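J.: Attaching a single structure in structure tokens format; questions to follow.
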Amino acid sequence: MGHRPGGPSLLPGSYEWSEDLETSTVEPVVRVKCGELDGRPVLIRNAYGAGTAWYVSTLPEPAALRALLARAAEEAGPAPVLPGLPGGVEAVERGPYLFPLNHGRTPAVVPLPSARTDLLTGRVHHTGVRLDRFAVVVLAPLASRRPTLHPKGAAPCDEPLERSY
């Protein structure tokens, strides 16, 4: 496999198959440098409007695919919610709430940039939170009030609910 002059080799290694692509308006990023498809692109991208689409016409080795996805993400500009997460762990933010999820079969420690409260247990985590296998936690900044569950249609208020039982 070849690569763009002056650019990193995004798809090193050997491949069993590749589509035979023809390009017109897209930018070839990586071209084959041997065999029947010599000179043909295997990685292309196309800028359209405010976005960019990438297309890979082969199955790269796992390390090469990770490098390609990292480059595409870096060029697109999104930043991870929590950088440096352990393998198999993802983090999603919804408003002020943080949802670390462990998809892995082993426990993982998720580093936290600031202290947060676990809304399910009330425990405060200062520097990190341990997630068991396949676990999730819901974390809120310390300044956030714990949400109160209200009967359907009732407006939240600071007064305790009157109980009749």
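J.: Please give the number of the condition Leu119 fails out of (1) of a type in the set (A, V, I, L, M); (2) over 21 Å from Val29 (Cα atoms); (3) under 19 Å from the mean Cα position of the chain (by Cα).
T.: Of (1) of a type in the set (A, V, I, L, M); (2) over 21 Å from Val29 (Cα atoms); (3) under 19 Å from the mean Cα position of the chain (by Cα), only one is false for Leu119: (3).
J.: Which one of Arg130, Arg105, Arg116 is surrounded by 14 or more Cβ atoms within 10 Å (Cβ to Cβ) and either of a type in the set (S, T, N, Q) or at pLDDT 95 or above (or both)? Reasoning before the result, please.
T.: Numbers: Arg130 fails: surrounded by 14 or more Cβ atoms within 10 Å (Cβ to Cβ); Arg105 fails: surrounded by 14 or more Cβ atoms within 10 Å (Cβ to Cβ).
Step by step, each of Arg130, Arg105, Arg116 is checked, and only Arg116 is surrounded by 14 or more Cβ atoms within 10 Å (Cβ to Cβ) and either of a type in the set (S, T, N, Q) or at pLDDT 95 or above (or both).
J.: Can you name the residue in the stretch 20-33 that is outside any strand (DSSP E or B) and open to solvent by less than 80 Å² (accessible area, probe 1.4 Å) and is also farthest from Gly88 (Cα to Cα) among such residues?
T.: From the stretch 20-33, those outside any strand (DSSP E or B) are 20-26, 32-33; that's our starting set.
Cutting the leftovers down to open to solvent by less than 80 Å² (accessible area, probe 1.4 Å) gives us 21, 23, 26, 32.
On the way: Leu21: 34, Thr23: 36, Val26: 34, Val32: 32 Å.
Per the stated criteria, the residue is Thr23.
J.: Something else now. Which ones in the stretch 58-91 are open to solvent by 60 Å² or more (accessible area, probe 1.4 Å) and charged (D, E, K, R)?
T.: Glu61, Arg66, Glu74, Glu75, Glu90
The values are calculated or read from the model by the stated rules, or taken from the named source; none is laboratory data. Small disclaimer: the values here were computed from a predicted structure and weren't measured. Cβ sites come from the backbone with ideal geometry, for glycine too, and all protein chains shown count toward neighbours. Each accessible area value is taken on the protein alone, full model and side chains, heavy atoms only, with ligands, DNA and RNA left out. Shrake-Rupley method; radii C 1.70, N 1.55, O 1.52, S 1.80 Å.
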